[in-house]
1. Out of A54, A37, report the one residue that is touching a strand residue (DSSP E or B) at 6+ places or on another chain (Cβ under 8 Å), modelled with pLDDT under 85 and open to solvent by less than 80 Å² (accessible area, probe 1.4 Å).
2. Determine whether the stretch 111-130 contains at least one residue that is in a loop (DSSP other than H, G, I, E, B) and either open to solvent by less than 40 Å² (accessible area, probe 1.4 Å) or among the charged types (D, E, K, R) (or both).
3. Of the residues in the stretch 290-349, how many are open to solvent by 70 Å² or more (accessible area, probe 1.4 Å), part of a loop (DSSP other than H, G, I, E, B) and at positive phi?
4. From the list L286, L269, which residue is on the phi < 0 side of the Ramachandran plot, open to solvent by less than 10 Å² (accessible area, probe 1.4 Å), assigned to a loop (DSSP other than H, G, I, E, B) and of a type in the set (A, V, I, L, M, F, W, C)?
5. Before we move on, is R139 among the charged types (D, E, K, R), open to solvent by 10 Å² or more (accessible area, probe 1.4 Å) and more than 28 Å from T393 (Cα to Cα)?
6. For the stretch 240-248, state whether one or more residues are among the aliphatic types (A, V, I, L, M), assigned to a loop (DSSP other than H, G, I, E, B) and either in contact with a Gly (Cβ under 7 Å, 6 or more places away or on another chain) or open to solvent by less than 50 Å² (accessible area, probe 1.4 Å) (or both).
7. Looking only at residues that are part of a helix (DSSP H, G or I) and free of Cβ contacts under 8 Å to residues at least 12 places away in the same chain in the stretch 353-374, which one is least open to solvent (accessible area, probe 1.4 Å)?
8. Name the residues in the stretch 196-212 that are surrounded by fewer than 23 Cβ atoms within 10 Å (Cβ to Cβ) and aromatic (F, W, Y), would you?
Amino acid sequence: ATPAAMALARVNALFVDRIERLGLVRVSRTPSSDGDAAASPSPSGSRRSDAPCASNDESGADEGDYLEINFAPTPPWTLWNLAQTTWGFLLAHYIFYGFVASALACAFIELTAVKAALAVGLVLYQKSFWDGSELRSGRPWHAFRAHPVWNLTQSYFPARLIRTRALDASEKYVFGWHPHGILILSRIMIYGGVWELLFPGVPFRVLAASPMFKVPGCREICLWMGAVDAGRTTASRVLDDDCSVAVYPGGSREIFSTDPNSSETKVYLSKRRGFVKLAIAHGAALVPVFVFGEKRCYRRLNVPAPLRDWLLRTWKIPLIVFWGRWFTWYPYAARQTVVFGAPIDTKKHKPPAGEDPSEARVDEVHAEYVEAVRALFQAHKRDAGYGEEETLTVI
């Protein structure tokens, strides 16, 4: 092993040891209404190699269907609490990294060394920027995605993940996440080895909006975390590679309906049939996923609808003014509960090779899926901290 690899291994061991000592991660195979559960090994130990979409999971097969992972808050005024805040703040603003680097380069552009470094950097970056990884199976950095540092972020809210049904690792799945939220904080909850513990042997990619891959810095982070372009062709290619996909059907529209002061949760799903058609065409089971609590992480200011709709329609840019702690994008701490429902089989609806699924089949499966999302919300809202006044509206 190289000195760098040995140093990284020591850092990883330090994180795992401290996380276990703090009791940040607790795992249970029985439901717990108070968010507490009997201690079990941390997900930080799970590691898998998936390039491009193959699985080499070392965490072992699951026993039983129900699985619950709880993250406890980090003790306040500790070094780990400071590390959590620093990491979380940097993470929440990752989209600005490219702009900050450009601003610094412009500020010191008169220096010869800066000019030389900028020129070399731009030349070297061209291959990465234009390689089209987001249009294939991506370019995930598994060591980063599975690093236990993510457990600090998960314990900030804190997070709670519930798997209601174990999945067959030999099958493919389309995970539909609802609602989208403002910054899709829910995707953070499955890193740090959590996904491997929930669904061992099930590699996946997250479908992300195309503009995310056009911003330097932001592009690399998205690729490292397993994101690919949300286009249908890319999604089909990923499924053809025996890899599952995670999609947010509500898309940017749900960003504007995220209201922390409303007891109504809106999901745009009635006319969103593309992901259902995709699942049927590939014989991939549909797994509904519902996220509770994310709407409480930010405050927002309403932007005039005409301007907002024009930007979204023309440039695919969701213009929304929002803020978290200290008027930044660092979210307020609000318990997040992510519930994974039972898979909906689509193989019986899969058409012959070379044919598209019929509209009747798509409508049938779509209706079943919508009802599953409604049922998931009703079954778990109280346990997730939502009152009886909380309702779900499917638009």
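The values are calculated or read from the model by the stated rules, or taken from the named source; none is laboratory data. As the structure is a computational prediction, the values presented were derived from the model and not from experiment. Here Cβ is always computed from backbone atoms with ideal geometry, including for glycine, and neighbour counts include all displayed protein chains. Surface accessibility is based on the protein's heavy atoms, side chains included, excluding ligands, DNA and RNA. Shrake-Rupley method; radii C 1.70, N 1.55, O 1.52, S 1.80 Å.
1. It is A37.
2. Within the stretch 111-130, not a single residue is in a loop (DSSP other than H, G, I, E, B) and either open to solvent by less than 40 Å² (accessible area, probe 1.4 Å) or among the charged types (D, E, K, R) (or both).
3. 1
4. Sole residue among the options that is on the phi < 0 side of the Ramachandran plot, open to solvent by less than 10 Å² (accessible area, probe 1.4 Å), assigned to a loop (DSSP other than H, G, I, E, B) and of a type in the set (A, V, I, L, M, F, W, C): L269.
5. Spelling it out, R139 is indeed among the charged types (D, E, K, R), open to solvent by 10 Å² or more (accessible area, probe 1.4 Å) and more than 28 Å from T393 (Cα to Cα).
6. no
7. Within the stretch 353-374, the match that is least open to solvent (accessible area, probe 1.4 Å) is A367.
8. F204
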